[in-house]
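To start, the structure itself, in structure tokens.
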Amino acid sequence: MTQPSSHAETLRRFRSLLLAAPRKGAIADTLDYRDYVPGDDYRRIDWRFCARHDDLRVGVPGDRDGLPVYVLLDCSASMAIGDPSKFRLARTIAAMTAYRALADSRRCGVSAFAERTVADLPALCGLSRVGKVLRFLDALLPEDGATDLARAVDIFVRRYRSHGTTVVITD
């Protein structure tokens, strides 16, 4: 497989996989399982579990829906190493994470850091905002200096006090 030339091309390649991911209400949205009780919604039965263990289990829906997704992206000098560089791959992962979050109608923000916070994109919502996220990621370059993850997390926690999913991409 040839290397994609841009983040947009990467997203196009993986779009069919991303769109094929389980949607809201599917078993993948569950946080826990419990024994089946007559009267339970049969659509919530995990049939794969049943086939392996000969026991009916029902997925209990989680409360993850609607929580924002935050991406912390390392832009330190060490990320520029490799071919393709670790930074290029990290930006691609960040773009795919943001796309999935926005496609699921979840808010998504990106914070780039090295020794300090380099750039910050506040949480956006809606699939129409993917272009803005991609432009933000494309404008980022590796910075001189080392990674200061502790400082980046400290700043992030003070800035974003709400609950959500945080994805840290670093080497």
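The values are calculated or read from the model by the stated rules, or taken from the named source; none is laboratory data. The model shown is predicted, which means the values in this text are computed figures rather than measured ones. Reconstructed Cβ throughout: ideal geometry from the backbone, glycine too, with neighbour counts over all protein chains shown. The protein model used for the area step is the full one, side chains on, heavy atoms only, and it has no ligands, DNA or RNA in it. Shrake-Rupley method; radii C 1.70, N 1.55, O 1.52, S 1.80 Å.
Observations on the model:
- Range of Cα positions in region 30-139 per principal axis (Å), largest first: 57, 30, 22
- Amide H to amide H, with H built 1.01 Å from N, ARG107 comes under 5 Å of VAL69, counting only residues 5 or more places away or on other chains.
- Take each peptide in 84-90, 124-130, count the other Cβ atoms within 10 Å of every residue, and average; sorted highest first, the result is 84-90, 124-130.
- Residue-by-residue Karplus 3J(HN,Hα) for region 104-120, coefficients 6.51, -1.76, 1.60, Hz, glycine and proline x: 8, 6, 9, 6, 9, x, 10, 10, 9, 9, 9, 7, 8, 6, 7, 7, 9
- Ordered by solvent-accessible area of protein heavy atoms (1.4 Å probe), largest first, the residues VAL157, VAL118 come out as VAL157, VAL118.
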